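Single-structure report; data block below.
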Amino acid sequence: MVAVTAQFAPVTAPVVDWVGLLPVILPAAGALVLLMVRSLVPGRLLPAALDAVWTFAAAAAGLVAVVVLWQRDGEVRSFGDQLVMDGLALFAAAVVLGSVALAAPTLPRYCRRVGIDSAELCVLTLLAAAGAVVMAGAADLIVLFLGLETMSIAAYVMAALNLRRLESLEAGLKYFVLGAFSTAFLLYGIALVYGATGTTGLDGIAVYLDTYLVLNDGMLLAGMAMLLVGLGFKVAAVPFHAWAPDVYVGAPTPVTALMASAVKAAGFAALIRVFVDALGMRADDWQPVVFALACATLAVGSVLAAVQSDAKRLLAYSSISHAGFILVGVQAASDSGVSAVLFYLAAYAVIAVGSFTVVAVLSGRGDDRTGLAELAGLGTRRPALALGLTVLLLAQAGVPFTSGFVAKFSVISAAVESRSYWLAIVAMVSAVVAAFAYLRVVVAMYFGDTEPDAADAPPAMGLGAAAVIVAAVLFTVAAGIVPGFLESLASTAAGF
Amino acid sequence: MASVSSASFPAVLTVLVLVPAAGALVLLALPRTRPDLFKLVALLASLLPAALVVWMLWAFETDIAHAFQFADRHTWIEGLGVSWNVGVDGLSLFLVVMTALIFPLAIVGVDPEHSPKPYYAWMLILEAGCLGTFVALDLVMFFVFFEIVLVPMYFLIGGWGHGRRAYAATKFFLFTMFGSALMLVAIVALAFLHSSAAGGDVTFDLLAIAENQVLATNTARWLFLAFALAFAVKVPLFPVHTWLPDAHTNAPTAGSVILAAVMLKLGTYGLLRFGLYLFPEASVFFAPLMVTLGVIGIIYGAIAAAMQRDLKRLVAYSSVAHLGFIVIGTFALNTEGITGGVLQMVNHGVSTGALFLLVGMIYERRHTREISELGGLQKPAPLMAAVFTVVMLSSVGLPGLNGFVGELLVLLGAFNAHRWWAVVAAAGVILAAVYLLWAYQRVFHGPASGANAEMPDLRWREGLVMAPFLVAIVFMGVYPKPVIDRVEPAVDAIIAHVEDNVAGFAEPVADVQPSVSLDDLARSSDENGHGSDGETGGDPGHGEDDR
């Protein structure tokens, strides 16, 4: 009798720390509220900028929650160890939400000019952000998959939002098909790793690999490879990058900015969680592969960036080459490597949003005037805008006194510390090649011989975009001159 | 008294670097409606460092010239072990002084053709970068400044240059960045390997690493090569010199002046401080290679200079030759050679800087630099011809002018170390006389026709700008003792450092006492009527007899 009672003991509900979930809840709830308000209240009753302001507020509130959680000691685990808000998750969440907040002020004017329904864009942006935060905090491969799908599906639609532009539709379709394909890889990888270790929990996998020596590790290795392919797609690592340039160019420019910042940050956070943390015991197996991926990503990204004649496509390829740099930090598979990756993600997210915002300002009514030739004489036509873009480009090139330099420096340090000298050399050489690409933009803006047509002046920038660019430039320079603060945050987060 | 003077203002070097940078910010904040203020602010922001270095010259303690003075240290990036660590010794003192003095002259002497505000802002940022490189005692800090100077120079060449300026600017940027890309990896590797071999935290402190040589021989050699590549591009050494003629020819006058006078020295200074001092064994090992490249540079630069039809390009190639002398002096690895090398760094800055100014003045008047289109300028512009003569002779190395002292020392040092290379290099001196005198003859002699006959002479302002150059040329040629007294202890220290750390290496000195030694030089200039300047410890304590 006693034994039977024990058998039917009440199920204890898993602990849910709601405060700990705020970085997910706030953007998600923000999206739902906005969706409802926009659906139920006639559009003319609401101010046009409402969507963007609301998006900014939701992301900022999420950021505040991140800061509050960061101050609390110890990590927050919810849903029976399915979702964890530790240092890594919070840092990545801050990058994601920060990117959204930074991109939002550009939206009202941009959407009006290009003719995109800003409500849809904002709702999807917030949903994608919520998915990205889940992804960064996933302590289980299934949750990781949920977060990734939430983020990706929102992103597929966002890429196709510019209905008047064929490239945008093409980008959406391409992103969707290839994304779905890569998701299949990821799922298969999850299944195989589950088969090899008997668990989908990341801690469980680590403990299993720590405890048992897997003799027939074919299934595990295949699973790891599939996981790497799936996540490699998300961060646009070569050779899984084929979608990136077309999607980056086709998508509405603010969406591109988010892809380069938020989506990338979430992808790398997941990569660190799965490979450096859960599969850390098998680092000897995946490090050579990541080494090769990093080399290929660096080389292809920077060389192809150098030959582009379109600024947006150039930035897309440069984004690939930055992914290569971040992979260099992942390859180190060490605390300093993770710290370098996080610093790089934060620095690059701001740079990317800033640079793509400049492109968004210049891109004109159809969002397609992004050729290098269109930039001719920008230095005299719009000196402030040109200066802003110049600083951001130099930061991408890794020039000292910008956050880009410190980011590259810490990645190189991590690589050298783990004795990957050749990877460090490949990275620096491709940085020089990429610098050529950025210099081409600068040359077009300042040293162009053709006098620009005055009638061709780009549209007015708007206060929102101006604020974004100024904030991005200030952050980039400040984090380059006194990087200590951000660096200590990153290294704290690297201890998870 | 002296110890008080350096302690009284320890942040002088920090201020020295930050003042021009702050000046650039002030410039950017100035309204576009007040163009009259641009030059004034630029001038003030560059004159303050000039005043500071004059004070430093006075406060610098000669008897401890081998130690880093005016040292100032703060933590910069704590997590990465990077600090703001500055100081000067006898090797860098005169480079700092020259840099801080030449910038105001370049700012006064040449007005930009357009957009003065960004132009002066870039000049000031360039000054901050150059000064920062010379005073940095932290490897990362050095790298940061070494790299940042590319940006202002890139914009100066691209924005205010002539001809294929975008091409030249981009080439300049990429060449130099490529060299330093590998140096960054080497810097990080050096710090990590050093800390793992020597124990303790990762540090980028130059002294801590250099004074505790723990790296394996082969490792150090590889690292030296990575550093040397960065510096070789900057110097530039044959065969990575090809950016230089393009950059010089297309740069605006002030850009050329700074490029030649200051920026090329970043490379030679780097070879000395971050090559020889940091990797003594590797330096000894690679010294024959470096000397060979230096000698090739001398001969190649001289021959190429003689072939040029463009006056500015000629001066640019002459830089390749002159910088070759500095490199062979440095890698002669003896007191005469290195002292001569350091002197030549300053001398080349003064004389080639002045040459570029003069060429710029000619271009401004005649709108051409083609030697064949110039001629007979001596008649319409006698003063300019006179100044050009002195500067050119200084560049040739005429006794009594500054170039002679440095070149003689370099050749003495090289002769003791690599006898036959010194003989070949000495031919470079003759070639220098050939191409410079020939150019002078074609430009200034002969009948003046057409526009040449109408060319106006030096204006007051130009004369005032040239005057300090002439004073330096004559002073350092006639009485180099004050300079040598401050350079030599540091050179002796660095040679002692090499001897301590390289088994079996002894400073290459002459078997027979050379007929002219440093003491003789110093003494003979004393006897030239200048008398003793009251230096205490008049014997600088150098030379072969001490060993």
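The values are calculated or read from the model by the stated rules, or taken from the named source; none is laboratory data. Given the structure is predicted, the values throughout are model-derived calculations rather than measurements. When we count neighbours, we look across all protein chains shown, and the Cβ atoms used for this are built from the backbone with ideal geometry, even at glycine.
Miscellaneous remarks
- Residue count for the range A:319-343, restricted to those that are out of contact with any Ser or Thr (no Cβ under 7 Å at 6 or more places or on another chain) and under 30 Å from A:SER309 (Cβ atoms): 5
- Just one residue in the set A:ILE153, A:ILE116 is among the β-branched types (Val, Ile, Thr), within 20 Å of A:ALA269 (Cα to Cα) and surrounded by fewer than 24 Cβ atoms within 10 Å (Cβ to Cβ); that residue is A:ILE153.
- Selection of first residues in the range A:366-379 that are surrounded by 20 or more Cβ atoms within 10 Å (Cβ to Cβ) and of second residues that are β-branched (Val, Ile, Thr) and in a loop (DSSP other than H, G, I, E, B), restricted to Cβ pairs under 6 Å at least 6 apart or on distinct chains, gives the following pairs, ordered by first then second residue: A:ALA376/A:THR450.
- Selection status of A:ALA103, in contact (Cβ under 8 Å) with a residue 40 or more places away in the chain and of a type in the set (Gly, Ala, Ser): yes
- Helices (runs of 4 or more DSSP H) contained in the range A:237-298 and holding at least 1 residues within 22 Å of A:GLN396 (Cα to Cα) and among the acidic types (Asp, Glu): A:243-250
- Those residues of the range B:147-159 which are modelled with pLDDT of 90 or more and either facing another protein chain (nearest Cβ under 7 Å) or assigned to a helix (DSSP H, G or I) (or both), in sequence order: B:GLU147, B:ILE148, B:LEU150, B:VAL151, B:PRO152, B:MET153, B:TYR154, B:PHE155, B:LEU156, B:ILE157
- Test: residue in the range A:212-229 that is among the aromatic types (Phe, Trp, Tyr) and at pLDDT below 90: yes
- Condition met for B:THR203 (touching a residue at least 12 places away in the same chain (Cβ under 8 Å), among the polar types (S, T, N, Q) and within 23 Å of B:MET307 (Cα to Cα)): no
- Enumeration of residues in the range A:426-438 that are within 7 Å of chain B (Cβ to nearest Cβ) and either of a type in the set (Phe, Trp, Tyr) or closer than 10 Å to B:VAL185 by Cβ (or both): A:MET428, A:VAL429, A:PHE436
- Among residues of the range B:48-105 being in contact with a His (Cβ under 7 Å, 6 or more places away or on another chain) and away from every other protein chain (no Cβ under 14 Å), the one that is surrounded by the most Cβ atoms within 10 Å (Cβ to Cβ) is B:GLY90.
- Single unsatisfied condition, B:ALA189 versus (1) crowded, with 23+ Cβ neighbours inside 10 Å; (2) in contact (Cβ under 8 Å) with a residue 60 or more places away in the chain; (3) hydrophobic (A, V, I, L, M, F, W, C); (4) within 12 Å of chain A (Cβ to nearest Cβ): (2)
- Among the residues making up the range B:160-170, a single one is out of contact with any His (no Cβ under 9 Å at 6 or more places or on another chain), in a helix (DSSP H, G or I) and either more than 10 Å from chain A (Cβ to nearest Cβ) or among the aromatic types (Phe, Trp, Tyr) (or both): B:TYR167.
- Listed conditions (1) more than 9 Å from chain A (Cβ to nearest Cβ); (2) among the aliphatic types (A, V, I, L, M); (3) buried (at least 19 other Cβ atoms within 10 Å of the Cβ); (4) within 24 Å of the chain's Cα centre (by Cα) are all met by B:LEU215, apart from (4).
- Pairs with Cβ under 6 Å, 6+ apart, first in the range B:78-92 and touching a residue at least 40 places away in the same chain (Cβ under 8 Å), second of a type in the set (Val, Ile, Thr) and assigned to a strand (DSSP E or B): B:SER83/B:THR75
- Residue match in the range A:392-401 (condition: touching a helix residue (DSSP H, G or I) at 6+ places or on another chain (Cβ under 7 Å), free of Cβ contacts under 8 Å to residues at least 40 places away in the same chain, within 15 Å of A:GLY480 (Cα to Cα) and facing another protein chain (nearest Cβ under 7 Å)): yes
- All positions within the range B:93-133 that are at pLDDT 90 or above, of a type in the set (S, T, N, Q) and farther than 19 Å from B:LEU357 by Cβ: B:THR133
- Note on the range A:408-425: among residues that are surrounded by fewer than 22 Cβ atoms within 10 Å (Cβ to Cβ) and of a type in the set (A, V, I, L, M, F, W, C), the one that is farthest from the other protein chains (Cβ to nearest Cβ) is A:TRP422.
- Near pairs, Cβ below 7 angstrom, 6+ apart or cross-chain, from the range B:434-460 (assigned to a helix (DSSP H, G or I)) to any residue that is of a type in the set (Phe, Trp, Tyr): B:TYR440/B:PHE388; B:PHE444/B:PHE388
- Among the residues listed as A:VAL470, A:VAL482, the single one being surrounded by fewer than 22 Cβ atoms within 10 Å (Cβ to Cβ) and away from every other protein chain (no Cβ under 13 Å): A:VAL470
- Enumeration of residues in the range A:1-57 that are modelled with pLDDT of 90 or more and part of a loop (DSSP other than H, G, I, E, B): none
- Sole exception among (1) assigned to a helix (DSSP H, G or I); (2) touching a helix residue (DSSP H, G or I) at 6+ places or on another chain (Cβ under 7 Å) for B:PRO112, by number: (1)
- Residue identified as in contact (Cβ under 8 Å) with a residue 40 or more places away in the chain, crowded, with 24+ Cβ neighbours inside 10 Å, aromatic (Phe, Trp, Tyr) and within 30 Å of A:CYS111 (Cβ to Cβ) among A:PHE343, A:PHE356: A:PHE356
- Failed item, numbered, when B:PHE388 is tested on (1) aromatic (Phe, Trp, Tyr); (2) more than 14 Å from the chain's Cα centre (by Cα); (3) under 30 Å from B:LEU223 (Cβ atoms): (3)
- Residue check for A:ALA244: in contact (Cβ under 8 Å) with a residue 24 or more places away in the chain and either of a type in the set (Phe, Trp, Tyr) or closer than 17 Å to A:GLY301 by Cα (or both): yes
- Filter pass, B:PHE224 being more than 14 Å from chain A (Cβ to nearest Cβ) and either within 24 Å of B:ILE326 (Cβ to Cβ) or part of a loop (DSSP other than H, G, I, E, B) (or both): yes
- Verdict on B:ALA67 being over 17 Å from the mean Cα position of the chain (by Cα), outside any helix (DSSP H, G or I) and of a type in the set (Gly, Ala, Ser): yes
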